[in-house]
1. Among the residues of region B:128-147, how many are modelled with pLDDT of 95 or more and either open to solvent by 60 Å² or more (accessible area, probe 1.4 Å) or within 14 Å of another protein chain (Cβ to nearest Cβ) (or both)?
2. Out of A:LYS98, A:LYS167, which single residue is part of a helix (DSSP H, G or I), of a type in the set (D, E, K, R) and either in contact (Cβ under 8 Å) with a residue 24 or more places away in the chain or in contact with a His (Cβ under 9 Å, 6 or more places away or on another chain) (or both)?
3. List every residue pair whose Cβ atoms sit under 6 Å apart, with the two residues 6 or more apart in sequence or on different chains, where the first one lies in region B:4-24 and is touching a residue at least 12 places away in the same chain (Cβ under 8 Å) and open to solvent by 40 Å² or more (accessible area, probe 1.4 Å) and the second, anywhere, is part of a strand (DSSP E or B) and among the basic types (Lys, Arg).
4. So in region B:49-84, with the set limited to residues that are more than 14 Å from the chain's Cα centre (by Cα) and within 14 Å of chain A (Cβ to nearest Cβ), which one is surrounded by the fewest Cβ atoms within 10 Å (Cβ to Cβ)?
5. Is it the case that region B:173-180 has a residue that's within 14 Å of chain A (Cβ to nearest Cβ), open to solvent by 30 Å² or more (accessible area, probe 1.4 Å) and in contact (Cβ under 8 Å) with a residue 40 or more places away in the chain?
6. Determine which member of the set B:ASP252, B:ASP213 is without any contact (Cβ under 8 Å) to a residue 24 or more places away in the chain, open to solvent by 20 Å² or more (accessible area, probe 1.4 Å) and more than 16 Å from the chain's Cα centre (by Cα).
7. What pairs can you find where one residue is in region B:86-104 and hydroxyl-bearing (Ser, Thr, Tyr), the other is open to solvent by 10 Å² or more (accessible area, probe 1.4 Å) and part of a strand (DSSP E or B), and their Cβ atoms are less than 7 Å apart, with a gap of 6+ or different chains?
8. Name every residue in region A:52-101 that is open to solvent by less than 50 Å² (accessible area, probe 1.4 Å), more than 20 Å from A:ILE127 (Cα to Cα) and away from every other protein chain (no Cβ under 13 Å), in order of residue number.
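The values are calculated or read from the model by the stated rules, or taken from the named source; none is laboratory data. Predicted model, so just to flag it, every value in this text is computed and none were measured. Please note: Cβ atoms are built from the backbone with ideal geometry, for glycine as well, and neighbour counts cover all protein chains shown. Each accessible area value is taken on the protein alone, full model and side chains, heavy atoms only, with ligands, DNA and RNA left out. Shrake-Rupley method; radii C 1.70, N 1.55, O 1.52, S 1.80 Å.
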Amino acid sequence: MSVVSEDTFNSTSHFMGTNAVVQFVLQPILAFGVIFHLSMGIYLDTQNNKARSVKYAMNKPGTNSSWMSRNMKITGIMILLFLGLHFYDFWIPELNTKYIVGDMSGLNEHGGMRYFEELQHKFADPIWVILYVLSFVFLALHLLHGFQSAFQSVGFRHTKYTPIIQKLGNIYAIVVPLGFMFIAIFHYVSQL
Amino acid sequence: MSDKGMNLTLKIWRQKDAQSQGKMETYQIADISEHMSFLEMLDVLNEQLISEGQEPVAFDHDCREGICGMCSLYINGEAHGPDRGVTTCQLHMRMFNDGDTIYIEPFRAKAFPVVKDLVVDRSAFDRIQHSGGFVSVNTSGNTQDANALPIPKDDADKAFDAATCIGCGACVATCKNASAMLYVSAKVSQFALLPQGKVEAKDRVMNMVKQMDLEGFGNCTNTGACEVECPKGISLDNIARMNREYLKAAIDK
């Protein structure tokens, strides 16, 4: 949205940041989902590590499985690190502005909407752009396995539909992160 | 094909007993025919070791024709070696080249403790099977003819495919989490698909999964490695079916 219209981005951001349903219903559900996913991941990984105490002297996992499927922990940790940075850099300052300082106006000191300006400021820094793009590469790798794996875990597997789910999953895993990467690169390049 | 013998370096896990610390030992072996099976090559090595006054390498084997599921070697980083759809006993030396170094290790999992050298204890599978891998049939003399029960051909085929699992443990050995989901799901599926198995379906899946967890196997993260390495080509469809059966049973219980 930010690459199409500054005004639409500002009004949408203000709506998302101040709407009670988004803030107090959807956001806690999302947070619970992330915490549950993370907790289950750590719990299951701890069990998995205990299940083989002596490692193989020679192992060739690349001959029977994809890198993404074997390294969900690594890609997950990278996404978590990005989430930590995102909280430190965006979410906590937003909470501070809105609920501690009490400024729900969404305005900057000049009286204009602050959201697009803050976005532009963020993506003027090439380090932040690189971090952002790299994080979404890890998200893409995580989703390339995770999307179709979620269906298998709940028992949804079908000769006709599973290949479609796998293709849709691959498209989703590439297109969505690519979109986020494009936003960062677009705003960086537009300010050069 | 040439009959020229191969000279090989073997790196083999040696472990005196379950309590001892094991380690990889290196052996040289010469003039191995490419027509030999892998286990015949190990037989030759053992004859050589015995003639040199050394302890032969212990390894599991029985039928040597891919049926019994006893052979269980992790060869050059893969369960049952580099070939596909075969057990270790069906692996031939033509898969290797003169001068190769071959790593031979036991199937590794906490639930498969090493007994000696390359022999592991897979009785965890037996205990899982005992916990629910059966149908209770009245054998009082009034047993119904199996053919009297109509079964869709597709279901019968899938049940038969699941039943081809020989319980070798390659799925556990190859899984990065040492998960037994492919084995257990094959045993659940072979009954879940048939009318005779439906009576005890809920208890079966709950009990077998419970026993699987008690044995210390890891969890399935859907890498699909088990399906690739399975000598009988047991499909991941079975794991999805078991997940469905388990969810249904867990909700109903």
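1. Summing the residues that are modelled with pLDDT of 95 or more and either open to solvent by 60 Å² or more (accessible area, probe 1.4 Å) or within 14 Å of another protein chain (Cβ to nearest Cβ) (or both) in region B:128-147 gives 1.
2. Values: A:LYS167 fails: either in contact (Cβ under 8 Å) with a residue 24 or more places away in the chain or in contact with a His (Cβ under 9 Å, 6 or more places away or on another chain) (or both).
Of A:LYS98, A:LYS167, the one residue that is part of a helix (DSSP H, G or I), of a type in the set (D, E, K, R) and either in contact (Cβ under 8 Å) with a residue 24 or more places away in the chain or in contact with a His (Cβ under 9 Å, 6 or more places away or on another chain) (or both) is A:LYS98.
3. Short answer, once both residue conditions are applied: B:ASP17/B:LYS116; B:MET24/B:LYS11.
4. B:PRO82
5. Of region B:173-180, the ones within 14 Å of chain A (Cβ to nearest Cβ) are B:173-180.
Within this subset, residues satisfying the condition of being open to solvent by 30 Å² or more (accessible area, probe 1.4 Å) are B:176.
Okay, now just the ones that are also in contact (Cβ under 8 Å) with a residue 40 or more places away in the chain, so B:176.
Yes, region B:173-180 contains a residue that is within 14 Å of chain A (Cβ to nearest Cβ), open to solvent by 30 Å² or more (accessible area, probe 1.4 Å) and in contact (Cβ under 8 Å) with a residue 40 or more places away in the chain.
6. On the way: B:ASP252 fails: without any contact (Cβ under 8 Å) to a residue 24 or more places away in the chain.
Exactly one residue qualifies, and that residue is B:ASP213.
7. As it stands, the answer is B:THR101/B:THR9; B:THR101/B:LYS11; B:TYR103/B:LYS11, since those pairs meet every condition given.
8. Answer for region A:52-101, where residues must be open to solvent by less than 50 Å² (accessible area, probe 1.4 Å), more than 20 Å from A:ILE127 (Cα to Cα) and away from every other protein chain (no Cβ under 13 Å): A:GLU94, A:THR97, A:LYS98.
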